[in-house]
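*Asks:* Pasting a structure here, questions to come.
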Amino acid sequence: MKKINKICCIGAGYVGGPTMSVIAYKCPGIEVTVVDINEKRIDAWNDKNLDNLPVYEPGLKEIVAETRGKNLFFSTQIDKAIDEADMIFISVNTPTKTYGKGKGQAADLKYIELCARNIAKVAKTDKIVVEKSTLPVRTAQAIKNILDNTGNHVNFEILSNPEFLAEGTAINDLLYADRILIGGDDTPSGTEAKDALAAIYGHWLPDNKILKTNIWSSELSKLVANAFLAQRISSINSISALCEKTDANVQEVSKAIGLDSRIGPKFLNASVGFGGSCFQKDILNLVYIAKTYGLNEVSDYWEQVILINDYQKRRFANNIVSSLYNTVSGKKIVFYGWAFKKDTNDTRESAAIYVADALLDEQAEIVVYDPKVSEERIYADLDYLNTRTEEENRKLVTVVKEPVEATKEAHAIAVLTEWDEFKKYDWETIYKNMLKPAFVFDGRRILDKEKLDTLGFNYYRIGEGA
Ligand SMILES: NC(=O)c1ccc[n+]([C@@H]2O[C@H](COP(=O)([O-])OP(=O)(O)OC[C@H]3O[C@@H](n4cnc5c(N)ncnc54)[C@H](O)[C@@H]3O)[C@@H](O)[C@H]2O)c1
Ligand SMILES: O=c1ccn([C@@H]2O[C@H](COP(=O)(O)OP(=O)(O)O[C@H]3O[C@H](CO)[C@@H](O)[C@H](O)[C@H]3O)[C@@H](O)[C@H]2O)c(=O)[nH]1
């Protein structure tokens, strides 16, 4: 079996950084170099103060402290790292296309193609190239064409090894993965490459967790896994709307159905809507692929998962407006949370952005508190929507560091992220701070209903009648 001594990972983001840190940690005999074109990001990965790493994940800084400078390196010298590596992971972003054919649905593969061309240009020895990014099914074919046609006639073996970590639990998910998926050709060199990659994960995971498939099954399974997970959330969120009309309680419904072992209890938490960089992007990609093959019914079926998610965010915002006597103009609404889920500083596609946008359309004054998200990020998220000028966003939205203080003279609080600390606040003081009637809209169902009711709040939570 081919022995891997040096790994290069192109892309030092939310996947490349944590994944390679764990590989370096578990495989002290392998030298791992993570490269990126973004110099600022690499500098942050190399920052002496581990609180300044560009990705916040519980447990990450301890692993980086252990490995960085020993067998884990972060660098902008991309060509050098490619040249020296036996195995190259491509872990760059694959966002939804914002232009041209497939705009708004297809995955934008320009960064992937740039990586392939760069590898082809630089490689002087045989390489195993691993797709770590989430890609449309059959992308490996395109990568192979580029490598074989523009390369220096060395042998490239292409593997698909999608990543299933969830943000906020990335380190745990990597250390105790449910499964590792490795897709590749069944040729002798393909099998040898799959074995070499399996051996890396074999440093800490048992054989029965490592699943080898053909490359197309592997590429497609990643999109399907995300589609199934998001489908569960949209399913329960659609039922949350029905619960609110019928006095059923969505949590009781989740529990009742989840006890059926065929359904299972996980991923049935009703919420203000799923966010994150992956679910929407990957489902849209699946929708686009199905349409490309003329499978319109398949495409419509999966698109509905996104439509319900948009509906849920809109529904939450509309409910705030109608509860506050049909006008929020000039009213102070405090947002608890901006990240798309707890324990991450990532805000991509966070429901908070869209709820804020809808309320700003109604001229609300929004005050945001999030324990991990910077002011700069929050304004950038709003500016990116292009709904109003940057000046207006800064006029209507304030970002604060003091969550209880922020509620002074507020009309309402909206809980957008399920950060644990929100549960521990002094809700009595918050009640005193606020204008009456004091409204709380809990988009995550994390607060103590009985306590808030007793204190005098008008407390609403997703999936339950008033
Ligand atoms: N974020 C997640 O939780 C998650 C989980 C599983 C899979 N994925 C998938 O993994 C991929 C990466 O996601 P991410 O969240 O880490 O993205 P990210 O945006 O955080 O990181 C990608 C990095 O790649 C760099 N990059 C882009 N083009 C480059 C090039 N040509 N050369 C060098 N560097 C380049 C960017 O500068 C960026 O730092 C995506 O396909 C995503 O769908 C993400
Ligand atoms: O019952 C639930 C579970 C999740 N969510 C929301 O769904 C979104 C996504 O959460 P989660 O899946 O935990 O985080 P991600 O980091 O987006 O991880 C997903 O996307 C990754 C990128 O592809 C995959 O690797 C992971 O397996 C997949 O879980 C977040 O807004 C959550 O708040 C709910 O509303 N209800």
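The values are calculated or read from the model by the stated rules, or taken from the named source; none is laboratory data. Note that the structure is predicted; figures quoted are calculated from it, not measured. Here Cβ is always computed from backbone atoms with ideal geometry, including for glycine, and neighbour counts include all displayed protein chains. Ligands, DNA and RNA are stripped out before the accessible areas are found, and what is left, the full protein with its side chains, is counted by its heavy atoms. Shrake-Rupley method; radii C 1.70, N 1.55, O 1.52, S 1.80 Å.
*Asks:* Quick one: would you say Asp310 is within 11 Å of ligand 2 (Cβ to nearest atom) and among the acidic types (Asp, Glu)?
*Replies:* Spelling it out, it is not the case that Asp310 is within 11 Å of ligand 2 (Cβ to nearest atom) and among the acidic types (Asp, Glu).
*Asks:* How about the stretch 3-26: which of its residues are open to solvent by 10 Å² or more (accessible area, probe 1.4 Å), outside any loop (DSSP other than H, G, I, E, B) and among the hydroxyl-bearing types (Ser, Thr, Tyr)?
*Replies:* Selection gives Tyr25 alone.
*Asks:* Only one of (1) under 22 Å from Trp338 (Cα atoms); (2) open to solvent by 60 Å² or more (accessible area, probe 1.4 Å) fails for Ser277. Which number is that?
*Replies:* The number of the failed condition is (2).
*Asks:* In addition: For Ala256, which of the numbered conditions (1) buried (at least 22 other Cβ atoms within 10 Å of the Cβ); (2) free of Cβ contacts under 8 Å to residues at least 60 places away in the same chain fails to hold?
*Replies:* Only one criterion is unmet by Ala256, namely (1).
*Asks:* Next question, about the same structure. Which residue is nearest to ligand 1 (Cβ to nearest atom), if the candidates are limited to the stretch 110-127 and must be within 22 Å of the chain's Cα centre (by Cα) and surrounded by fewer than 19 Cβ atoms within 10 Å (Cβ to Cβ)?
*Replies:* Tyr111
*Asks:* Further, regarding this structure: Restricting the stretch 159-193 to residues that are open to solvent by 10 Å² or more (accessible area, probe 1.4 Å) and over 24 Å from Gly276 (Cα atoms), which is nearest to ligand 2 (Cβ to nearest atom)?
*Replies:* Asp185
*Asks:* I'd like to know if the stretch 413-422 contains one or more residues that are over 29 Å from Asp346 (Cβ atoms) and open to solvent by 30 Å² or more (accessible area, probe 1.4 Å).
*Replies:* Checking the stretch 413-422: not a single residue is over 29 Å from Asp346 (Cβ atoms) and open to solvent by 30 Å² or more (accessible area, probe 1.4 Å).
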